[in-house]
Amino acid sequence: MTERPTRPLPPAVDPWAGQDDTAINFVGMAGIPPRPEPTGVLPEPQVVYVERPRRRRWPWVLGVLGVLSLACCGVLVAVTEPIRAQYPVHAEIHGRVAGFVVDGDPKVRAEAVKIVSRIKADQGADGAFAAKLDDPADAKRPVVVFGATRLVWDPAAEMKKAIGGLGDGLVTDVRSYQMRVRDAQLRCGDTHDDQGTAVVVCAWFDHGSVGVGLFYGGRTKDASAAALREIRAAILVKD
């Protein structure tokens with residue numbers, strides 16, 4: 001068998017022959033930018049600023065202000081509650097009052113009208129009242145009650161100023177009593193009326209009214225205080 005002659009391989013062809021390095025870099029990398037030549041100098045680092053989200057403080061502040069507002073409102077309501085409960089009021093005196101009988105004598109009523117006019121003029125009150133109350137059990141133990149209805153901011157302070165001017169200006173053995181009404185003041189003492197007759201004088205001050213009672217017939221201060229407390233409750237009507 002005759003051996004076929006082997007064809008020699010063609011000479012190797014350099015496809016980049018005759019082209020410079022720049023062409024090789026751009027063409028040979030198929031469009032990929034050439035890698036920069038090392039220069040020996042490190043690139044300057046870039047500083048990236050990342051802004052942190054700010055904490056929203058307004059909801060917290062508004063919440064605190066809301067709580068404080070509610071607290072203030074609660075305090076205001078508590079402080080003004082006795083004022084709103086006691087003012088405004090007016091007095092009604094007729095028929096029977098706390099076990100006493102209103103004296104309907106024309107002369108007594110005329111005198112009461114004068115007292116009412118004087119009280120309104122002196123105190124600038126919303127209203128005024130005056131009456132003589134007879135004790136059905138003893139005609140010698142009447143009670144003269146008079147006063148005004150008006151706004152009183154500080155009953156305790158006004159009581160201190162007024163107690164010395166009751167009766168003929170000389171009131172002794174003054175005692176304080178429970179009024180059973182918030183902020184209200186009740187005091188009784190010994191004095192004399194303008195005729196020199198010994199009486200027990202009691203006075204009350206609250207946020208809506210001022211009242212004075214002259215108790216005749218030898219009543220004790222304790223009994224007079226209890227009676228005036230009942231008279232006040234019977235004649236005052238909330239508006």
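The values are calculated or read from the model by the stated rules, or taken from the named source; none is laboratory data. Nothing here was measured: the structure is a model prediction, and the numbers come from that model. FYI the Cβ positions are ideal-geometry reconstructions off the backbone, even for glycines, and counts take in every protein chain you see. Ligands, DNA and RNA are excluded from the accessible area calculation, which covers all protein heavy atoms including side chains. Shrake-Rupley method; radii C 1.70, N 1.55, O 1.52, S 1.80 Å.
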(request) Go through the stretch 99-129 residue by residue and tally those that are surrounded by 15 or more Cβ atoms within 10 Å (Cβ to Cβ) and either at pLDDT below 90 or under 22 Å from Q86 (Cα atoms) (or both). (result) 8
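Return the residues of the stretch 217-239 that are surrounded by fewer than 19 Cβ atoms within 10 Å (Cβ to Cβ) and farther than 20 Å from H94 by Cβ; say none if nothing qualifies. It would help to see each step written out before you state the result.
Pass one, the stretch 217-239, residues surrounded by fewer than 19 Cβ atoms within 10 Å (Cβ to Cβ): 217-218, 220, 222-223, 226, 230, 233-234, 237-239.
G217, G218, T220, D222, A223, A226 - these are the residues of the stretch 217-239 that are surrounded by fewer than 19 Cβ atoms within 10 Å (Cβ to Cβ) and farther than 20 Å from H94 by Cβ.
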(request) Could you grab me the full set of residues in the stretch 179-215 that are in contact (Cβ under 8 Å) with a residue 40 or more places away in the chain and of a type in the set (V, I, T)? (result) V181, V210, V212
(request) Check V174, V200 and return the single one that is over 38 Å from the mean Cα position of the chain (by Cα) and more than 25 Å from K120 (Cβ to Cβ). (result) V200
(request) For residues that are assigned to a helix (DSSP H, G or I) and at pLDDT 60 or above, scanning just the stretch 70-98, find the one that is surrounded by the most Cβ atoms within 10 Å (Cβ to Cβ). (result) Q86
(request) Evaluate the following for Y216: is it at pLDDT 95 or above, more than 36 Å from the chain's Cα centre (by Cα) and of a type in the set (F, W, Y)? (result) yes
(message) Of all residues being among the small types (G, A, S) and crowded, with 23+ Cβ neighbours inside 10 Å in the stretch 204-213, which is nearest to the chain's Cα centre (by Cα)? Just the residue, please.
(response) G208
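Looking at the stretch 141-153, which of its residues are within 19 Å of G104 (Cβ to Cβ) and surrounded by fewer than 15 Cβ atoms within 10 Å (Cβ to Cβ)?
Those that are within 19 Å of G104 (Cβ to Cβ) and surrounded by fewer than 15 Cβ atoms within 10 Å (Cβ to Cβ): none in the stretch 141-153.
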(message) Just to be sure I understand the filter: pairs with C-beta atoms under 9 Å, separated by 6 or more residues or on different chains, first member in the stretch 216-239 and within 14 Å of W204 (Cβ to Cβ) and assigned to a strand (DSSP E or B), second member among the β-branched types (V, I, T) and open to solvent by less than 50 Å² (accessible area, probe 1.4 Å). Which pairs pass?
(response) L236/V89; L236/T149
